[in-house]
Every structure is written in C-alpha cells, then in structure tokens.
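First comes the structure, then the notes that go with it.
Coordinate-derived values only; no laboratory data. The structure displayed is predicted, hence computed values, not measured ones. Please note: Cβ atoms are built from the backbone with ideal geometry, for glycine as well, and neighbour counts cover all protein chains shown.
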Amino acid sequence: MKKKHFWLVGILTIIVFISFPIIHILKTKWNETDHKTEIPVGYTNDASQLNLTKVDTTIQVPNDKIEIQKQLRSILKYAKENNLKISIAGAQHSMGGHTIYPDGIVLNMLSYKQMKLNPDTNILTIGSGALWEDAIKYLDKYGKSIAVMQAFSSFSVGGSISVNGHGWQKDSPPISSSVVSFTLMNDKGEIINCSRTENKELFKLVIGGYGLFGIILDVKLKVVDNAALQYKYVRLNAENYVTNYKKFVSNNPNVGLVFGRLRISDKLFLEEASLNFFEKVNGKPLLLPQQDQKEETKRLVFRSTVNSEYGKRLRWDLETGMDKVSRNTVFTRNELLNDHVSLIENRESNSTDILQEYFIPEKNFTQFIKDMKPILRKSEIDLLNITIRGVKKDDDSYMNYARESVFGFVLLFNQKKTPQQENEMRNLTNRLVDITIKNQGTFYLPYRLHIDREKMRKVYTQADTFFALKKKYDPKEIFNNKFYQHYK
C-alpha cells in the first residue's frame, strides 16, 4: 500500500506540475474583458490610450498621387483660413500626442500606400501611409526585404521615419540610414524633394521630426535580399552581455538579426539575459507562411505576466526552453520581420501598456543596469519586458539619439488608467532619465511627455535650434501637435 501511495502522490505531483501553467494561462484568458474602448465621434487617441482629445475633424487621404496633392492643398488652405492646426497620423503608435492637436485637423495617411520596386537599384518607392507589413508582403514576391525597421510590422512607414525608429538588424543605425529620399508637402502646399544632397537641412529635420515640418508623401527606401536565417541562442549573466555580444554577433559576419532580453522576475531580477541572433545560411527563402495559429498562445503567455511573479518566471522558463528547442531552426528574414503588435496586445480596458527606451554607450552598459535595478524594484508600475538592441551611430537625423554606437534598452510597462499610476509613471520616468544622463545616454522622444523642457534639453542640446528651424520652415506653425506644445 505504501508503495502504491508513493506512486500515486508522484503521479498527482506531475499532473499538478504540468497543469498549473496551463491553468494560469487559461485564467489570463478568462479574466480578459476583450472590451475595446471606442473612440467617440469627433475625438482621437493614440497607442497610450491616455490621450483622448477632441479634434475639429479627421480626414482620410486618398491613395492616388494626384488626388492626394489636390486634397492636401485644399486642407492647408482651409486650415489657414480658419486658424486651425494640422497633425499627421499613421498607425498612431507614438504615445505622447505626437499625432494630435486639440481642436485641430488630423490627417490620417494610412490609405496612401502605393509601392513600386526598382529591381536594378534595389530601391522601393512607397507611400508614407503603408504599413511595414504591406511592404514586406510586396517585397516577398521579389525575394527582397526591408533594410531597417522596428520589431513590429504594424507601424506606418511615415510614422517610423517621423520618429526615426531603430530595428534589430545587426549593428545598424536607425531607419534614417535606409532612407534614400522622400517628397514633402510644406506649409505652402509645395512638393519638395529631400535627400542627402537636395534640401539637406530639411532631410535631417524631417527624419525624427515628429511631423512638424510637413507631410511626407513618397519615400525611397533601400531594400536587401530576403535571406534564409538560422536561429541561435545564448543564455548568460547580464554583466557579460557586451562581451558575448562582441563574440557571437559583432565578430560574426553571418549574423543578420539580433536582440537580447533581460530577466524581469523577482528571482534573478536583471541578472540573467538571453542573446538571440540569426545567422545567414545557404538556401533559397520560401514565401511568407500563413498566419501562425500559435500567436494567440504566445500572446496569452505574455499577458499572463501582468502583476504576476509566477507568470514572469513561467514566461522566462517557457521562452528559454523554446529557445533551446528552436535552436538551428531556419526562418526567412521577412518571416522574422513580419511580427504584429497584436502578439502582445492588452485586452483589458482598465490598463494600458507604455513603452520607454534608453540608449546607453557600451562602456556604461553594466552600470546602467545596476542603477536601474533599485528604481524598477521600488516602482509600483508593473514591468513586463526589457529588450536590448544594438544601434549604430546616426549621422542623418537632426534630433539624433544615437550620437555614438549604443545599446537600446526597450522597457514595456503595464499601467493602470488612474491618476495615481500616471503620477507614479511620471516619477519613474524621471528617475530613469536621471540615471540615463548619469550614464551619458539618451532617451527616446515618441513616448509620454513626462520630462520637462529643461531636462529634455540636457539630453537634446540641439532642441532650441531644432524648434527655431521649425519656425523657419513653418512660420505659422500649421503643423502642430502635443509634443511640440510641450517641448518648444
């Protein structure tokens, strides 16, 4: 009997061990409201869900090149006659009102998405309203791929250029490096071609210029081959990250894509890291596969970490376990780039997910983590993720955040939609910016406007000149938004 009892207890223990993670993830699904907050007619918002603002009107632009120019000139005329401001929107993934001006006109550019590839020059001409996923699917048929883009494909081309996003392409500068030229409609309704040789000052100002200098229309982008990439993975101590990055990534010419992650559970908080990279291999990439049916499971595993130490440990263990299983799996470059932001979608109406990014020189990488650890531990805001990306020096944008080669720390938080949590987030952000300044780094500008003008200028010493040039090119400040009003 004792032997049978022993085996019964053992079997029950195994069942509980296996089933508890499943129950935890299913509980996450059960507790979701799946309630989408509808934006009232006459209002707009952005990805923060904290910027609900009344506007004069939202205008969907046409896809035709001639029609859009006629429409935009008419809108500019109407705005001037009625003393209205114009903000420019795409997928609206910025979080600080960069696409919004109170009682202003919102130009929704998403419909303007025609594209054409020149296979001889490897240059894609694309409408600024196109999403990166549109470009990826188009280029896939030609065996080509986007040169530089962010981790998710659900952002717009114009929006990414306006924030000068950075990606996870190995040792690459931000998106600015892949922009050959673009056409811009200015405040007078004129079409201006901007490049490194033509209207050079505007070229630098518009890239990372947050829609303040005009309306980006057609963009010429460099494209690359859609390579076959084999997945590699290293688990390591966070303090050894830079050394291993150089060993496995910088010194390996075959690496195409790379990102790192820091462990965020209380157990070993910010002490462990993973380095995930993809090496080029021989073989012809296949066309993009159909939508992965496992995406909802991945999303639920991610969402199960919200306010849950068990969920955070479970996600780390599942991901590192899957990393071992997936090692040496071959993907296409386009397949890897075509991840949608829905993979981490928050379906709770009482909270929102907020991003922050800090760019730290290599020499201060470990010290920044040490300085960050007590700040994050003490905060009441729930930390969901920290991704690390290497970003090379940016020589193209005026408001550049990568003035030397840096490591970008991308932090994702879950914040309740309450005044208390908003105030706590403001305090947290300022503490993180303070240690960023201490470590000779910079912070990214597309997020919540919790930094004051003076502190922002400690990091962006060129800000006053930038805003003066804004007045030079747009003296009546027709192109306007909350970001400009906050920092100018």
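Computed values, structure above
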{"read-out": "Dipole magnitude of the chain about its Cα centre (Cβ charges: Lys, Arg +1; Asp, Glu -1), debye to nearest 20", "value": "960"}
{"read-out": "Residue-span extension gain [ASN252 to LEU26] - 0.36 nm each, minus C-alpha spacing", "value": "77.2 nm"}
{"read-out": "Around ASP120: net Lys/Arg minus Asp/Glu count, Cβ-Cβ under 15 Å", "value": "+3"}
{"read-out": "Cα principal axis extents for region 237-287, largest first, Å", "value": "43, 26, 9"}
{"read-out": "Where only alpha carbons of region 24-154 are counted, the Rg and the Dmax (Å)", "value": "18.4, 58"}
{"read-out": "Cα coordinate range in the chain, projected on the principal axes (Å, largest first)", "value": "91, 54, 43"}
{"read-out": "Separation of the THR366 and ASN83 label points, Cα + 7 Å toward Cβ, nm", "value": "6.0"}
{"read-out": "Cross-link pairs beyond the 31 Å C-alpha cut-off, checked among LYS113/LYS470; LYS141/LYS188; LYS144/LYS204", "value": "LYS141/LYS188"}
{"read-out": "Relative contact order, percent, the chain [alpha-carbon distance under 8 Å, six or more residues apart]", "value": "17"}
{"read-out": "Helix-only mean residue ellipticity at 222 nm for the chain, each DSSP H run of n ≥ 4 adding -39500 (n - 2.57), per residue, nearest 500", "value": "-10500 deg cm²/dmol"}
{"read-out": "Residues listed by number, region 207-234, amide nitrogen under 17 Å from ASN328 label point at 7 Å toward C-beta", "value": "229-234"}
{"read-out": "Percent breakdown of C-alpha pair distances by 10 Å bin, ordered from the shortest bin, for region 220-358", "value": "10, 33, 38, 17, 2"}
{"read-out": "Length released on extending from GLN71 to ASP452, taking residue separation times 0.36 nm less the Cα-Cα span", "value": "133.5 nm"}
{"read-out": "Residue-by-residue Karplus 3J(HN,Hα) for region 397-411, coefficients 6.51, -1.76, 1.60, Hz, glycine and proline x", "value": "9, 5, 8, 6, 9, 9, 7, 8, 5, 9, 9, x, 9, 9, 9"}
{"read-out": "Estimated vicinal HN-Hα couplings, Hz - region 237-252 in sequence order (Karplus 6.51, -1.76, 1.60; Gly, Pro = x)", "value": "6, 4, 5, 9, 4, 4, 4, 6, 4, 5, 5, 8, 10, 4, 8, 10"}
{"read-out": "Contact order normalised by residue count of region 357-488, Cα under 8 Å, 6+ apart, percent", "value": "29"}
{"read-out": "Semi-axes of the equivalent ellipsoid for region 71-221, Cα gyration tensor, largest first, Å", "value": "26, 16, 15"}
{"read-out": "Positive-end residue, the chain charge dipole about Cα centroid, Cβ charges, pick of VAL219, TYR460, LEU257", "value": "LEU257"}
{"read-out": "Candidate lysines - alpha carbon under 23 Å from LYS417, same-chain residues fewer than 8 apart omitted", "value": "LYS27, LYS29, LYS36, LYS54, LYS312, LYS378, LYS482"}
{"read-out": "Whole-angstrom Cα spans of region 413-475 along principal axes, big to small", "value": "41, 29, 16"}
{"read-out": "Among beta bridges that DSSP assigns inside the chain, antiparallel share in %, nearest 5", "value": "90"}
